[in-house]
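A.B. asks: My structure is below; once you've seen it, I'll send some questions.
The values are calculated or read from the model by the stated rules, or taken from the named source; none is laboratory data. Predicted model, so just to flag it, every value in this text is computed and none were measured. Glycine also receives a Cβ, built like all others from the backbone with ideal geometry; neighbour counts cover every protein chain displayed. Accessible surface is based on the protein model in full, side chains and every heavy atom, while ligands, DNA and RNA are left aside. Shrake-Rupley method; radii C 1.70, N 1.55, O 1.52, S 1.80 Å.
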Amino acid sequence: MQEAKYIRRQRLKLMLIFVIFAAPVVVAWGMVEFRIGIPDRHTAHGDVDLGLPALHEWPLTTSAVSEKDKWILAFDCTLQCETRQDELWRLHRALGREAPRLTRLRIGGELEPLPGEVASEWRRFPSWRKENSVWLLDPTGRPALAFDENVATKYVLDDIQHLFKVNPL
């Protein structure tokens, strides 16, 4: 009698071990099959479909950025320049250890450049320019995202962090 209880107890333990290790697989299958708890996709807050020229073709007074392997956050600083400059400086600092991968390019404005920022001016206003816009350019100078003035800085930061995550050094 004792031996039968012992065997049943051991079988129960074995079944519980199978259940414990099989449960995550079953839950994952259910999540995929019934689309429960899975985000549909990551949506960029900026405009991804860009018809902008590469940075070296922009009509700027000075050579924009000469450093290789750095992303460029270019922003038009014609309206509310001090506020926009401060927001983007704080965004740059919020990147933490990823901050050295980014350089800010301020186009316009009369203020002194903040740390990590390069200042330039428009020689002429291009047709694609929008006041107070922000453009994120990849290390080769091609535009990756464009943000209009209505996009909150936290969303710009989210998109930059996502791009840095999917584009490691």
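A.B. asks: Would you work out which of Gln85, Leu105, Trp71 lies farthest towards the positive end of the dipole of the stretch 60-115? Charges go on Cβ: Lys and Arg +1, Asp and Glu -1.
C.D. replies: Farthest along the dipole direction, towards plus: Trp71.
A.B. asks: From the list (1) 19.8; (2) 19.2; (3) 16.1, can you say which value of Kirkwood radius over Cα pairs in Å was derived from the structure given?
C.D. replies: Calculated Kirkwood radius over Cα pairs in Å: the matching label is (2).
A.B. asks: What accessible area per residue, rounded to a whole number of Å², is obtained for the stretch 49-169 using a probe radius of 1.4 Å?
C.D. replies: 56
A.B. asks: Round to a whole angstrom and tell me the spacing of the C-alpha centers of the stretch 121-160 and the stretch 5-35.
C.D. replies: For the stretch 121-160 versus the stretch 5-35, the Cα centre distance is 51 Å.
A.B. asks: Could you pull out the longest piece of the chain with no exposed loop GluC sites (Glu not before Pro) in it, calling a site exposed if DSSP puts it outside H, G, I, E, B and it has at most 11 other Cβ atoms within 10 Å?
C.D. replies: My reading of the result: 1-66 is the longest stretch.
A.B. asks: Is any helix in the chain, taking whole DSSP H runs, at least 24 angstrom long along its axis by alpha carbon and on average at least -1.0 on the Kyte-Doolittle scale, and which ones?
C.D. replies: Those that pass (Cα extent of 24 Å or more, hydropathy at least -1.0) are 2-34.
A.B. asks: Right, another one. Under 19 Å from the 7 Å Cα→Cβ point of Leu114, by amide nitrogen: which residues of the stretch 128-162?
C.D. replies: From the stretch 128-162, the list is 132-137, 147-161.
A.B. asks: Then there's this: Rounded to the nearest 500, what is the 222 nm mean residue ellipticity of the chain from helices alone, with -39500 (n - 2.57) per DSSP H run of 4+ residues and division by all residues?
C.D. replies: It lands at -12500 deg cm²/dmol.
A.B. asks: Tell me the carbon and sulfur percent of the accessible area for the stretch 21-169, rounded to whole percent, probe radius 1.4 Å.
C.D. replies: Working: 4940 of 9190 Å².
Answer for the stretch 21-169 is 54 percent, counting heavy atoms of protein chains only.
A.B. asks: Once Lys and Arg get +1 and Asp and Glu get -1 on their Cβ, which of Ala22, Pro53, Pro143 lies farthest toward the positive end of the dipole of the chain?
C.D. replies: Result: Ala22.
A.B. asks: Can you work out the FRET efficiency for the pair Ile38 and Ala94, with r the C-beta to C-beta distance and R0 = 35 Å, to the nearest 0.05?
C.D. replies: 0.80
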